[in-house]
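Asks: Take this structure, written in structure tokens, and hold onto it; I'll ask about it next.
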Amino acid sequence: MSFNDYQTEGFYDELFESPGTPRGCAAPLVNRINSLSYDDLLRRQQSAESSLMNMGITFTVYGQEAGTERIFPFDIIPRVVPAADWQPISAGLAQRITALNLFIDDLYHDQKIINDGVIPADMIHSAVTFRPECVGLNPPRGIWIHITGSDLVRDTDGAFYVLEDNLRCPSGVSYVLENRELLKRTYPDIFQRMHVRPVYDYPHRLLETLSRLAPDHVSKPTVVVLTPGPYNSAYFEHAYLAQQMGVELVENRDLVVIDDYVMMRTTSGFQRVDVIYRRIDDDFIDPLVFRPDSMLGVPGIMQCYRKGNVALANAPGTGIADDKAVYAYVPRIIKYYLDEDPIIHNVPTFICAEKKDRDHVLANLDKLVVKAVDLSGGYGMLIGPHSTQQERDEFAAAIQAEPRKYIAQPTLSLSRAPCIVDGTFEGRHVDLRPFALYGEKVDVVPGGLTRVALRKGSLVVNSSQGGGSKDTWVLADDNPDATLPVTEVAHA
Amino acid sequence: MLSRVADSIYWMNRYIERAENVARFIHVNINLMLDLPIDQANQWLPLVITTGDRAAFESRYSEATQENVIHFLTFDELNPNSIVSCLTAARENARTVREVISSEAWEQVNRFYLMVKAAARQTTPEHVPDVFYTSVKMASHLYVGISDNTMNHGEGWHFAQLGRLLERADKTARILDVKYFMLLPSVNYVGSPYDAILWSALLKSASAFEMYRKRHHHIDPTRVAEFLILDRHFPRSINYCLGHAEQSLRQITGTPIGSFNNLAERRLGRLRSDLEYAPIEDIIAKGLHEFLDGLESQLNIVGQAIYSTFFAMRSTPLPAI
């Protein structure tokens, strides 16, 4: 199947410099795909899809018939990220996460950054994600954000921008791992030749990161993954990570607090839990401290946490640093704590709480993307250029009523990548969610989830809104050795 | 092991075993009907009685025709014991423990479920192909084989065995009970070719025909009952199931045979030793139906004891022993 008719249509394309000319890093891949017949490529796509179905790698769609399951649409043309592009992403995310962690620790202690006038006190105290219950907490080794999955996008100029920091319970890493397994089966020959960096040891590194959080006197800590349950849209991931780490996947009903220790109910009695990788938001984790109506939490768990009897990852209270209004201050946060300039830039952001910005937003609703600061997953969003007058009027009213709740950004021209659509290649907009672990230092997984907006022209990549995914190939070096033979290693 | 997880594994395996047994009943009955004279060839109600769902069936279906019964037992989602409902329940349980069972075992449950769901969409009750029931049986065997060969034979596996074997014992008891009832009153059949056909069908529905032949050669009602209830080596006989269920239970708790530490061990141990020492002649003399009926209630009591011993969620620790 050939890329001869593939058009880039003026967008930055991840695989092509211009129609017919693949980027250097992608050339071996493009040549290989060109050499496959239409039927062959489609067979590979179908085989990947039926693997996903058989493995039960599905997610639940809200708002439709209860418990509707779908496979996460998957495109077998990978996105290739050359080493030269990856290096600043990796360094930039490490810088950003280090600064945000210092920021969170500061907010829950001395609030120097507020006292020094870098960020308005109002901005923090008006955020629902700021948890007064966390003031004075000292998480193990001063680390609050152990697992991060930031969203990056690439604009027409080819530069990457951070779109969102996901510092609470970012999901998607299981797809990074499973997509890779599928593509290894899909293109076994080309894979080796391109020096694609492996991602398979993520579960191992995650377990190490989590084990480090256990109290010092515990030599073999019991680590568990806490899930809201099988009806959660990310349940597959919770189960997958627990399985890959070889730890228990628990629901709140499996846990009980006894004498300020968290215990799980087993067939042979109660067993102490030392570290909880919780995939439940702060709001729901402890009905005695946060939302009293939570049916997902464990009453008393925060008390155990305060006493240092159990570790939680991520720490409660991290949501304040991925508040969409606080996001606008991240470049200043990096400067303040690290005295460095950001390596990856923010998307310019207008804060509706500030009058000057608000006036600009209200006058330019048709050009901007407006986001509610406390919603994610593509909900509560207005995409100006694609909106109707009625939608704009509704958002204008909402912004004026609760300005703190909204921010706005210019519409970026997201980069595109070729996808198989109805038997031909078409460009679709993509973003990139790399995952980072903060153990001894920040460690960014060389890869990530490339999310694809499958509807033609759409900019919304969220899986809940019709998005799909691709495997992301980060190359170890940018001169994929064309002369390197595809060696048949003799199996001893 | 988490109590919730043990509970899910136990039920997942019960449901898969149940689906397999329902497929056996239907498959054998379809074949049996082909051999019977046309005026006798409507023995479908006993199947509904076998699964214990007569009341539910009669409340929604007017007549026990082949089509109705096949639909009710195979694809009726309102019947909790239909093949499709069993697979849905098995898969829901598997979903909640997929990090505990092996990926291969999970994939097999998922494939099994998708296969049954696809068949439910593609077939009509008049034309459920014979091969479908064979596929269900094979998918169940494949699942058991995959579990045996990809999972540690530790606690989780023993809970799986416990669920599967108790379910199988229950189904063997039920099918024997119903068929015996159905077969005995037909005095006209005794000694006729149909007599042998019906008893053979009973053995076949438990995949016991060939093994029985090797052991006893002639089809004789007392020996058939003995084989299905008391045989020590046939893997679907009630005695075999309970013996191996007891071994798994003791692997879970670590209690040696001959003593007990909890209600589940006590009840299952007692039921198993009752069976171990019962001559078939005594059973028949006291009434096979009464015996099987009692056995089924005992099995329910064992199930309740397993629940209260291992699965019931206690909010506070047990007092120290």
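Asks: Open to solvent by 10 Å² or more (accessible area, probe 1.4 Å), at pLDDT below 90 and either closer than 21 Å to A:Thr472 by Cα or outside the structural domain of A:Gly319 (by TED's automatic domain parsing) (or both): is that true of A:Asp189 in this structure?
Replies: Numbers: open to solvent by 10 Å² or more (accessible area, probe 1.4 Å): yes; at pLDDT below 90: yes; either closer than 21 Å to A:Thr472 by Cα or outside the structural domain of A:Gly319 (by TED's automatic domain parsing) (or both): yes.
Yes.
Asks: Which residue out of B:Thr65, B:Thr88, B:Thr96, B:Thr123 is within 14 Å of chain A (Cβ to nearest Cβ) and open to solvent by 30 Å² or more (accessible area, probe 1.4 Å)?
Replies: Being within 14 Å of chain A (Cβ to nearest Cβ) and open to solvent by 30 Å² or more (accessible area, probe 1.4 Å) holds for just one of B:Thr65, B:Thr88, B:Thr96, B:Thr123, which is B:Thr88.
Asks: Considering each of A:Leu152, A:Leu52 in turn, give the residue that is open to solvent by less than 10 Å² (accessible area, probe 1.4 Å), within 30 Å of B:Arg91 (Cα to Cα) and among the aliphatic types (A, V, I, L, M). Can you show your working first?
Replies: Working: A:Leu152 fails: within 30 Å of B:Arg91 (Cα to Cα).
Of A:Leu152, A:Leu52, the one residue that is open to solvent by less than 10 Å² (accessible area, probe 1.4 Å), within 30 Å of B:Arg91 (Cα to Cα) and among the aliphatic types (A, V, I, L, M) is A:Leu52.
Asks: Let me ask something else. Go through segment A:234-259 and count every residue that is open to solvent by 40 Å² or more (accessible area, probe 1.4 Å) and either away from every other protein chain (no Cβ under 11 Å) or under 25 Å from A:Asp201 (Cα atoms) (or both).
Replies: Residues flagged as open to solvent by 40 Å² or more (accessible area, probe 1.4 Å) and either away from every other protein chain (no Cβ under 11 Å) or under 25 Å from A:Asp201 (Cα atoms) (or both) within segment A:234-259 amount to 4.
Asks: Considering only residues of segment A:267-326 that are touching a residue at least 40 places away in the same chain (Cβ under 8 Å) and within 30 Å of B:Ala264 (Cβ to Cβ), which is nearest to the other protein chains (Cβ to nearest Cβ)?
Replies: For segment A:267-326, the residue satisfying everything is A:Gln271.
Table: residues versus (1) in contact with a Pro (Cβ under 9 Å, 6 or more places away or on another chain); (2) among the polar types (S, T, N, Q); (3) open to solvent by 40 Å² or more (accessible area, probe 1.4 Å); (4) not in a loop (DSSP other than H, G, I, E, B).
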site: A:Asp5; (1), (2), (3), (4): yes, no, yes, no
site: A:Cys25; (1), (2), (3), (4): yes, no, no, yes
site: A:Arg32; (1), (2), (3), (4): no, no, yes, yes
site: A:Leu41; (1), (2), (3), (4): no, no, no, yes
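Asks: Then there's this: If a residue has to be within 15 Å of B:Leu166 (Cα to Cα), more than 14 Å from every other protein chain (Cβ to nearest Cβ) and acidic (Asp, Glu) to count, how many in segment B:1-50 make the cut?
Replies: 2
Asks: Scan segment A:155-186 for residues that are open to solvent by 50 Å² or more (accessible area, probe 1.4 Å) and under 28 Å from A:Ile280 (Cα atoms) and jot them down. Explain how you work it out, then say what you get.
Replies: Just the residues of segment A:155-186 that are open to solvent by 50 Å² or more (accessible area, probe 1.4 Å), to begin with: A:156-157, A:168, A:181, A:184-185.
Answer for segment A:155-186, where residues must be open to solvent by 50 Å² or more (accessible area, probe 1.4 Å) and under 28 Å from A:Ile280 (Cα atoms): A:Arg168, A:Glu181.
Asks: Of everything in segment B:270-288, what is of a type outside the set (Val, Ile, Thr), without any contact (Cβ under 8 Å) to a residue 60 or more places away in the chain and in contact with a helix residue (DSSP H, G or I) (Cβ under 6 Å, 6 or more places away or on another chain)? Give them in sequence order.
Replies: B:Leu271, B:Arg272, B:Leu275, listed by residue number.
Asks: As an exercise: evaluate B:Leu142 against (1) farther than 23 Å from B:Ser205 by Cα; (2) at pLDDT 95 or above and give the number of the one condition it does not meet.
Replies: Condition not satisfied by B:Leu142: (1).
Asks: Hey, can you tell me all the residues within segment A:68-122 that are open to solvent by 30 Å² or more (accessible area, probe 1.4 Å) and in a loop (DSSP other than H, G, I, E, B)?
Replies: Passing the criteria: A:Pro73, A:His109, A:Asp110, A:Gln111, A:Asp116, A:Gly117, A:Val118, A:Pro120.
Asks: Could you name every one of the strands (runs of 3 or more DSSP E) located completely within segment A:251-293 that has at least 1 residues being modelled with pLDDT of 90 or more and closer than 17 Å to B:Asp7 by Cβ?
Replies: Output list reads A:255-258, A:261-266, A:269-272.
Asks: Could you list, in sequence order, the residues of segment A:310-366 that are part of a loop (DSSP other than H, G, I, E, B), buried (at least 23 other Cβ atoms within 10 Å of the Cβ) and not assigned by TED's automatic domain parsing to the domain that holds A:Pro88?
Replies: A:Cys352 - this is the single residue of segment A:310-366 that is part of a loop (DSSP other than H, G, I, E, B), buried (at least 23 other Cβ atoms within 10 Å of the Cβ) and not assigned by TED's automatic domain parsing to the domain that holds A:Pro88.
The values are calculated or read from the model by the stated rules, or taken from the named source; none is laboratory data. It should be emphasised that the depicted structure is a prediction, and the values quoted were computed from it without experimental measurement. Cβ sites come from the backbone with ideal geometry, for glycine too, and all protein chains shown count toward neighbours. Quick note on the areas: whole protein, heavy atoms, side chains included, nothing else; ligands and nucleic acids left out. Shrake-Rupley method; radii C 1.70, N 1.55, O 1.52, S 1.80 Å.
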